[in-house]
Amino acid sequence: MQRDKFFRAIENMKHPNEELVKTHCAYCGMQCGMNLRVNTQTNKIIGVEPRYDWPVTVGKMCPKGVTAYQQTNHDDRILKPLIRDDATLKGTKKGFREASWDEAYELIVKKFTELQDNYGKDTLSVFSGVSMTNEKCYLTGKFARVALGTRYIDYNGRFCMSSAAGGFLRSFGVDRGSTLPWTDIHETDCLFIAGSNTAECHPTSMFRVWNVQERGGYLIVVDPRETPLASRADIHLDLKPGTDLALANGILNLIIQNGYADEDFVNKHTNGFAETKELVKEFTPEYTSQLTGVAPEKIIRAAEIYGKAPNAIVMFARGSEQQHKGVDNVSAYINMALVTGKIGRPKAGVATFTGQGNGQGGREHGQKSDLLPGYRKITNPKHVEEVCKVWGITPEEMPLPGVSAYEMFELMDQKTIRGLYLLCSNPAISAPNLNFVRNALKNLDFMVCADFYLSDSAEFADVILPSVTWSEDEGTVTNLEGRIIKINKAQEPIGEAKPDWQMQVELAERLGKGKYFSHLKTTRDIAAEFRLASKGGYADYYGATWDKIDKQDGVFWPCKDEKDTGTPHMFLDKKFYHPDGKAQICALPYRPPAEEPDESYPLCLTTGRVVYHYLSGNQTRRIPFLRAMCPEPFVEVHPETAATYKLEHEERVRLFTRRGEAIYKVKITEAIRKDTVFVPYHFEREQSINLLTIAALDPISRMPEFKACAAQLEKIETKKVL
Ligand SMILES: Nc1nc2c(c(=O)[nH]1)N[C@H]1C(S)=C(S)[C@@H](COP(=O)(O)OP(=O)(O)OC[C@H]3O[C@@H](n4cnc5c(=O)[nH]c(N)nc54)[C@H](O)[C@@H]3O)O[C@H]1N2
Ligand SMILES: Nc1nc2c(c(=O)[nH]1)N[C@H]1C(S)=C(S)[C@@H](COP(=O)(O)OP(=O)(O)OC[C@H]3O[C@@H](n4cnc5c(=O)[nH]c(N)nc54)[C@H](O)[C@@H]3O)O[C@H]1N2
Ligand code: SF4
Ligand SMILES: [Mo]
């Protein structure tokens, strides 16, 4: 009924010359189905409507998605290449002039060549992102290693999905962020969700979450804040930031003690149970409560509900992953599913809420410092050989593994890296310990930035190349289920903007590497080479042709050949990807956060998102509706904590850590722990919370600890206006 009404309303609103282009949202890993509305007379995008025929999101979209189309023809678009002609103004919007593509390319080639002649191949670096299609991500890896010949490439997923990836690899031997399709979620009996603000960050998952409860199932939420999701949970485990590992061990201990372990499954399909059982014994409800601050009875009840549920799904996101033990946290939550055998069948399993639109595909095909297409390892000679065959280079020509995203800034600081090609990321806002990172960017001899808006990071560049938005190009993206989907082009690039792949092909040619790139004239050409390069790797996309994607509403990888329809459910045959086919249950000793509160810094600072903004905010802060709904950052403070500092709602307060300080509006709320403060990170310049965060890196994933550091508040004494 309601749907009919909606369509009638849309029908009435229709422009007389309108065509719909079937595609997906520009932003998060949900990749909601949408139709872009295009005026066929002007060939410009004029609006959007949700797609009811898309099985994952069935007509749902969030405030960012419904306004995403406003990016394409926005006044702030960069329309021509820009060259800096006043180096004294680095780090500001000023000092750029417009240039032709030829002039920009020539300058880049000259500077990159000079740097490599003087300091060696590895003096150049590429820092990339995963708002790009698989084809672009694939080509960026090839561009770094073949066109520039450098080992230093890494990307923003290091700050996002790297801990999930590390945990999945260790536990299952394969890193697909969801073991089951999203269409299973509402049919399970218990959702255990840790460190995800689902209602704000993956809003179009929420109807499935509510449906679990409506059907009599349970929702358990682990978060230091009472988010909209937590407020509706059957149990809210309101832990101290950075203590997930203790909580997961405590719950596992109770699961084992109370007889909820599936011994048959454990014996046949896993390793590591005995050591883990022994290790978690210490984590009694009382001890776990001491470490986490969660009441013992809540921990006991959570273990009971999860243990008894016939089917359950363990889910997590950056709350538990962006820690210096993020990989351990992920494996510890996966332990719950492995010990109870609630995995490898429909309606039961494990999933992470993948962050960026192509956060899954973008991490599989060679943008990470140690990976090659198909999730191959650059340290494995056989893998290198397979990729070399497709690229037409010799194994000796393949660069060595590089370092992680944050470590690249350290190398820039030390002048080991002197040149940077930055695309699709805005680290001058989103990297931790920003005072250091911004200085490292300033310290570069030569920096190129490809973006469609002038970002905070672009302000450090010597050359800015105008790229296109998602709506001006086509290609595939892998959503948070592991489903490969198709993004379609709705409009020609505006001004002189070009897709990233085209810039890379043209630059490669000018760098004398045309032989490896000149055959790539369209996205389809890249898609064909990319599928081939992934063939035989475990993230095998070879069978995922664009036709099949269209016919099947996407294709879940692995998909090996033409006949293969893909793999919606992982591990149905109970075969995991470790050499012996077994999954690993991990014994993980507890470690506290890298920096714990003390007398000088008594509060724990945690950071994250609001529904209206996306990541560094470079895209969403320009959309009038989103800016109006959330114009500036704030610091969430519990009423009792506010009282000790004599703070009033909405007054400004100085928040500081050992690394930096910023001034924020106070938001007094009972939805946060008394010992914790929270700030969203989408804001520019001196309002960036990353001026304060700590770059303590996970030893395996090299993920920084965005979610916990020690902080202090100071009231700003203001004079009364007379
Ligand atoms: N609106 C919006 N949606 C987005 C994005 C966006 O920028 N804006 N970004 C997308 C991307 S790239 C990502 S990665 C995802 C992120 O999605 P989420 O991970 O859901 O988002 P965050 O706000 O970073 O963190 C989630 C929750 O973790 C909690 N938390 C903090 N510390 C801890 C802790 O120590 N343990 C636990 N268990 N929880 C903790 C926070 O209180 C917060 O509610 O969202 C995607 N969707
Ligand atoms: N304190 C704190 N910091 C965090 C986090 C946190 O929770 N707390 N979360 C981290 C996480 S999960 C993430 S994912 C990172 C993200 O951090 P960033 O990588 O900085 O994310 P974006 O804002 O998406 O930056 C993308 C930039 O590229 C541009 N862009 C978009 N699409 C394209 C394209 O196709 N081509 C080109 N050339 N440019 C494009 C956009 O305009 C934007 O300027 O931030 C991390 N930082
Ligand atoms: S939930 Fe994510 S993909 Fe869907 S409309 Fe919002 S931002 Fe876009
Ligand atoms: Mo992310």
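The values are calculated or read from the model by the stated rules, or taken from the named source; none is laboratory data. The structure displayed is predicted, hence computed values, not measured ones. We place every Cβ from the backbone using ideal geometry, glycine too, and count neighbours over all the protein chains shown. All accessible areas refer to the heavy atoms of the entire protein, side chains included, with ligands and DNA or RNA removed. Shrake-Rupley method; radii C 1.70, N 1.55, O 1.52, S 1.80 Å.
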With the first residue restricted to the range 425-436 and required to be over 21 Å from A450 (Cα atoms), and the second required to be part of a loop (DSSP other than H, G, I, E, B) and among the polar types (S, T, N, Q), Cβ contacts under 7 Å at 6 or more apart or on different chains are P432/T693; N433/T693
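Yes/no matrix, rows are residues, columns are (1) open to solvent by 60 Å² or more (accessible area, probe 1.4 Å); (2) away from ligand 1 (no atom under 16 Å from the Cβ); (3) not aliphatic (A, V, I, L, M):
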{"position": "K582", "(1), (2), (3)": "no, yes, yes"}
{"position": "R591", "(1), (2), (3)": "yes, no, yes"}
{"position": "E596", "(1), (2), (3)": "yes, no, yes"}
{"position": "E599", "(1), (2), (3)": "yes, yes, yes"}
{"position": "L603", "(1), (2), (3)": "no, no, no"}
{"position": "V610", "(1), (2), (3)": "no, no, no"}
{"position": "H613", "(1), (2), (3)": "no, no, yes"}
The residue from I663, I689, I672 that alone is in contact with a strand residue (DSSP E or B) (Cβ under 8 Å, 6 or more places away or on another chain), more than 16 Å from ligand 3 (Cβ to nearest atom), touching a residue at least 60 places away in the same chain (Cβ under 8 Å) and within 30 Å of A458 (Cβ to Cβ) is I689
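Within the range 60-91, restricting attention to residues that are within 27 Å of the chain's Cα centre (by Cα) and β-branched (V, I, T), which residue is nearest to ligand 3 (Cβ to nearest atom)?
Our first condition is that a residue be within 27 Å of the chain's Cα centre (by Cα); within the range 60-91, this holds for 60-74, 76-78, 91.
Checking the rest, the ones that are also β-branched (V, I, T) come to 66-67, 72, 78.
Working: V66: 7, T67: 9, T72: 15, I78: 23 Å.
The residue in question is V66.
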Reported set for the range 396-439 where residues are of a type in the set (G, A, S), within 28 Å of A497 (Cβ to Cβ) and within 15 Å of ligand 2 (Cβ to nearest atom) is A405, S425, A428, S430, A431
Residue hits (the range 466-475; surrounded by fewer than 24 Cβ atoms within 10 Å (Cβ to Cβ) and either acidic (D, E) or not assigned by the TED database to the domain that holds K521 (or both)) are E472, E474
The condition of being open to solvent by 10 Å² or more (accessible area, probe 1.4 Å), among the aromatic types (F, W, Y) and within 25 Å of the chain's Cα centre (by Cα) holds, among Y645, Y681, only for Y681
Checklist line | Residue check, D675 away from ligand 2 (no atom under 13 Å from the Cβ), within 16 Å of P597 (Cα to Cα) and not β-branched (V, I, T) | finding: yes
Residue pairs qualifying under the 7 Å Cβ cut-off, at least six apart or on distinct chains, with the first in the range 106-132 being within 28 Å of E364 (Cα to Cα) and the second being open to solvent by 50 Å² or more (accessible area, probe 1.4 Å) and modelled with pLDDT of 95 or more, are D122/R151
L400 fails exactly one of (1) touching a Lys or Arg at 6+ places or on another chain (Cβ under 6 Å); (2) buried (at least 24 other Cβ atoms within 10 Å of the Cβ), namely (2)
The one condition F207 fails out of (1) within 16 Å of ligand 3 (Cβ to nearest atom); (2) surrounded by 24 or more Cβ atoms within 10 Å (Cβ to Cβ); (3) not aliphatic (A, V, I, L, M) is (2)
Filtering the range 49-59 down to residues that are within 15 Å of ligand 3 (Cβ to nearest atom), open to solvent by 30 Å² or more (accessible area, probe 1.4 Å) and within 25 Å of H15 (Cα to Cα) yields Y52, V58
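Do we have V637 as more than 16 Å from ligand 3 (Cβ to nearest atom) and open to solvent by less than 50 Å² (accessible area, probe 1.4 Å) here?
yes
Being open to solvent by less than 30 Å² (accessible area, probe 1.4 Å), at pLDDT 95 or above and of a type in the set (F, W, Y) is true for just one of F446, F436. Which residue is that? Write out each step before concluding.
Details: F436 fails: open to solvent by less than 30 Å² (accessible area, probe 1.4 Å).
Checking each option against the conditions leaves just F446.
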Determine whether the range 272-289 contains at least one residue that is among the hydrophobic types (A, V, I, L, M, F, W, C), open to solvent by 20 Å² or more (accessible area, probe 1.4 Å) and either assigned by the TED database to the domain that holds C709 or closer than 25 Å to E595 by Cα (or both). yes
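Being farther than 29 Å from E200 by Cα, out of contact with any Leu (no Cβ under 8 Å at 6 or more places or on another chain) and at pLDDT 95 or above is true for just one of G543, G554. Which residue is that?
Numbers: G554 fails: farther than 29 Å from E200 by Cα.
Selected residue: G543, the only one of G543, G554 that is farther than 29 Å from E200 by Cα, out of contact with any Leu (no Cβ under 8 Å at 6 or more places or on another chain) and at pLDDT 95 or above.
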When the range 176-204 is checked residue by residue, the ones that are closer than 22 Å to I484 by Cα and more than 10 Å from ligand 1 (Cβ to nearest atom) are R176, G177, S178, T179, L180, P181, W182, T183, D184, I185, H186, T204
Residue count, the range 524-554, condition open to solvent by 30 Å² or more (accessible area, probe 1.4 Å) and more than 22 Å from P55 (Cβ to Cβ), comes to 9
Exercise. Within the range 313-332, identify whether any single residue is surrounded by fewer than 24 Cβ atoms within 10 Å (Cβ to Cβ) and out of contact with any strand residue (DSSP E or B) (no Cβ under 6 Å at 6 or more places or on another chain), and answer yes or no.
Key: no
